[in-house]
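Report on the following structure.
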Amino acid sequence: MHVLLRSNGVNVEGATHKQVVDLIKSGGDCLTLTVISVTPKMFYGSNMIRGFVRMTIRVDTKREGRYCVHANEAERLEPCDDGSAPIGVIGGAANSRATVYQRYDYTEKRSLPVSIPDYRVVMERNTGRSYVAFNVHMAGRHLCSRRYREFSALHQQLRKEFIGFNFPKLPGKWPFTLSEQQLDARRRGLEQYLEKLASAPDSAPPFEVCAVRVIAESDAVQEFLTDSDDSSNPSPVDLKVLLPDKEVVTVSVLKSTNADDVYRAVCEKIGLSKSVQKYFYLFEIVEYNFERKLQPNECPHSLYIQNYSTASSSCLSVRKWLFNPDREVSVIKEDSKAAAFIFWQAVEDVNRGVCSAGPRLYQLKGLQEVRRAPEYLALARSLPGYGDIAFPPARCDSRAHPAVAVTIGWHGLKLAACGDSGAPTGQCVELGWDSVRDWRPDDDAAALRLTYVRGDNAQRSLTIFTPYYQFLCNCMDRIAEEANWVDTGE
């Protein structure tokens, strides 16, 4: 039995249930409770002890599923009759104070669709010996490959950390070489271990493994699901990349491979001509109707496994990285595959509304075939917004409007004012590139700092706070670079 004494520093003895609940709700991100735990029968070693424990519990509501009882703030209100060590005392000294108690909430669930569809034999380069590695996937995407002994180590580590949890059994060890049938049985057993866990010692219904949030988010599980570095495990992983025509290409790369090398592997796999490769690149599908260009040194595999809940078949895609309409025309004439990619991306932009078709939509629908791509694109290029990139609404330092939605294209910037909710207010400022004086990223503020002039030639500044500030700067840099192509003929 537990008696609540104080909530967030306020004495609640004699308070009603509603008063306590309201006080807890008003506590913000941190909840501090002082309780008395009545323990008429508890054991320390082989000795039964009695008494009361007073403890203070601090809960960080941002880390759901876990709370810590700090025993250095807990004190024994009644000493043990036999003089044995009190609860939580390390070393047996009376009235001592322990370090930390941890309790876990196993009721909160989180969907983490882990599976082991297959396995493979891996040869160690140094020793020449081979072993079986089981391929762990999440939502159909390869995360890592683990040996049986690594599953066993995880099992032992979890049992030590989550003492009150009833874990399922691992498939048994076998001292001899396993047949294919036995290996497949072990694969199924390991998969079931990740998929099914009993909830508690006295509870019957099983839970899905990583449905138990506190276990799924533990360091042990996260490290297990994150592949080790390439030096110790050089096995390649498969990455699925979405192409503009909605086809999916799979490339095998090392986990630490950067975006440049992954993109080159994709180009080689699909046979994209080297002369047009610079007009496309890898993008991350961040949210519906928005993709972010990857930085050359980013690791696509890390993004790949973090975005397992993405609705599409992959969070990685190949998209056009070209703003200059004249150069686009020459690329279409030069390479048929590049022309098809540009065509399908234009179709998508029209459907999204980035490119405003208006009354021309019916005409575009009639041209929506790859064989008629030049006609479709010629018409699409005449429409407002063609080739633009529309960013999600972001906060800014404008007093008149708390947020703006930025659209960037070959002809300039559009700043559409948004309200607090992100909904457009109908006001829009268009800035041609001749009006833009300077732009630069501010890494400390995670913002883009823009300097421009208006009709009165007065210089103004605007700071846009967005997680995509680096991509926004990349777009401006790219357009400035492409403008020089026109001057020099590149």
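All but one of (1) touching a residue at least 24 places away in the same chain (Cβ under 8 Å); (2) in a loop (DSSP other than H, G, I, E, B); (3) closer than 19 Å to G385 by Cα hold for S398; state the number of the condition that does not hold.
(3)
Collect the residues in the range 256-305 that are under 25 Å from R352 (Cβ atoms) and assigned to a loop (DSSP other than H, G, I, E, B), keeping them in residue-number order.
Across the range 256-305, the qualifying residues are L272, Y288, N289, L294, Q295, E298.
Can you spot a residue in the range 394-401 that is more than 30 Å from the chain's Cα centre (by Cα) and among the hydrophobic types (A, V, I, L, M, F, W, C)?
Looking for residues that are more than 30 Å from the chain's Cα centre (by Cα) and among the hydrophobic types (A, V, I, L, M, F, W, C), one finds at least one in the range 394-401, hence yes.
So, R141, is that one within 26 Å of V253 (Cβ to Cβ), at pLDDT below 85 and basic (K, R) or not? Give the derivation first.
Details: within 26 Å of V253 (Cβ to Cβ): yes; at pLDDT below 85: yes; basic (K, R): yes.
Criteria met by R141.
Just one of the numbered conditions (1) surrounded by 13 or more Cβ atoms within 10 Å (Cβ to Cβ); (2) touching a Lys or Arg at 6+ places or on another chain (Cβ under 8 Å) is not true of P392; which one?
So P392 meets the others, but not (2).
Any chance you could count how many residues in the range 254-270 are of a type in the set (K, R) and either surrounded by fewer than 16 Cβ atoms within 10 Å (Cβ to Cβ) or over 23 Å from the mean Cα position of the chain (by Cα) (or both)?
Number satisfying all stated conditions: 2.
Got at least one residue in the range 455-464 being in a strand (DSSP E or B) and touching a His at 6+ places or on another chain (Cβ under 7 Å)?
Taking the range 455-464 and keeping what is in a strand (DSSP E or B), we get 459-464.
Then keep just the ones that are touching a His at 6+ places or on another chain (Cβ under 7 Å); that gives none.
No: the range 455-464 contains no residue that is in a strand (DSSP E or B) and touching a His at 6+ places or on another chain (Cβ under 7 Å).
Can you say whether S273 is over 20 Å from A338 (Cα atoms) and of a type in the set (G, A, S), as far as the supplied structure shows?
On the way: over 20 Å from A338 (Cα atoms): no; of a type in the set (G, A, S): yes.
Criteria not met by S273.
When you go through (1) surrounded by fewer than 18 Cβ atoms within 10 Å (Cβ to Cβ); (2) in contact with a strand residue (DSSP E or B) (Cβ under 8 Å, 6 or more places away or on another chain) one by one for G385, which number turns out not to apply?
Only one criterion in (1) surrounded by fewer than 18 Cβ atoms within 10 Å (Cβ to Cβ); (2) in contact with a strand residue (DSSP E or B) (Cβ under 8 Å, 6 or more places away or on another chain) is unmet by G385, namely (1).
Residues that are at pLDDT 85 or above, at least 2 per element: which helices (runs of 4 or more DSSP H) completely within the range 168-225 meet that? If you could, list the steps in order and put the result at the bottom.
Working: elements: 180-195, 213-216, 219-225.
Because the criterion is at least 2 residues that are at pLDDT 85 or above, the helices (runs of 4 or more DSSP H) in the range 168-225 that meet it are 180-195.
Those residues that are in contact with a strand residue (DSSP E or B) (Cβ under 9 Å, 6 or more places away or on another chain) and touching a residue at least 60 places away in the same chain (Cβ under 8 Å), I need them from the range 287-300; list them, please.
Within the range 287-300, N289, F290, R292, K293, P300 meet the criteria.
Filter the range 465-490 for residues that are part of a helix (DSSP H, G or I) and hydrophobic (A, V, I, L, M, F, W, C) and give the result.
Taking the range 465-490 and keeping what is part of a helix (DSSP H, G or I), we get 469-488.
Across the range 465-490, the qualifying residues are F471, L472, C473, C475, M476, I479, A480, A483, W485, V486.
Just a yes or no: is a residue in the range 352-365 closer than 27 Å to L225 by Cβ and aromatic (F, W, Y)? Talk me through it step by step, then tell me what you get.
Initial filter on the range 352-365 (closer than 27 Å to L225 by Cβ): none.
Looking through the range 352-365, none of the residues is closer than 27 Å to L225 by Cβ and aromatic (F, W, Y).
Would you mind stating whether L303 is without any contact (Cβ under 8 Å) to a residue 60 or more places away in the chain and touching a helix residue (DSSP H, G or I) at 6+ places or on another chain (Cβ under 8 Å)?
Details: without any contact (Cβ under 8 Å) to a residue 60 or more places away in the chain: yes; touching a helix residue (DSSP H, G or I) at 6+ places or on another chain (Cβ under 8 Å): no.
Here the answer is no, as L303 does not meet what is asked.
Consider only pairs whose beta carbons are under 8 Å apart and that are at least six residues apart or on different chains; among these, list those whose first residue lies in the range 334-360 and is among the acidic types (D, E) and whose second residue is surrounded by fewer than 14 Cβ atoms within 10 Å (Cβ to Cβ) and modelled with pLDDT of 90 or more.
Listed pairs, sorted by first residue: E334/S273; E334/S275; D335/S273; D335/S275.
Residue-wise test of (1) surrounded by 15 or more Cβ atoms within 10 Å (Cβ to Cβ); (2) outside any helix (DSSP H, G or I).
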| residue | (1), (2) |
| --- | --- |
| I332 | yes, no |
| A338 | yes, no |
| A346 | yes, no |
| D349 | yes, no |
| V354 | yes, yes |
| P359 | no, no |
| L364 | yes, no |
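Quick one: count up the residues across the range 417-442 that are modelled with pLDDT under 90 and either part of a loop (DSSP other than H, G, I, E, B) or closer than 13 Å to L472 by Cβ (or both).
The total comes to 5.
The values are calculated or read from the model by the stated rules, or taken from the named source; none is laboratory data. Keep in mind the model is a prediction, meaning the values are calculated, not measured. Heads up, the Cβs are rebuilt from the backbone with ideal geometry, glycines too, and the neighbour counts pull from every protein chain shown.
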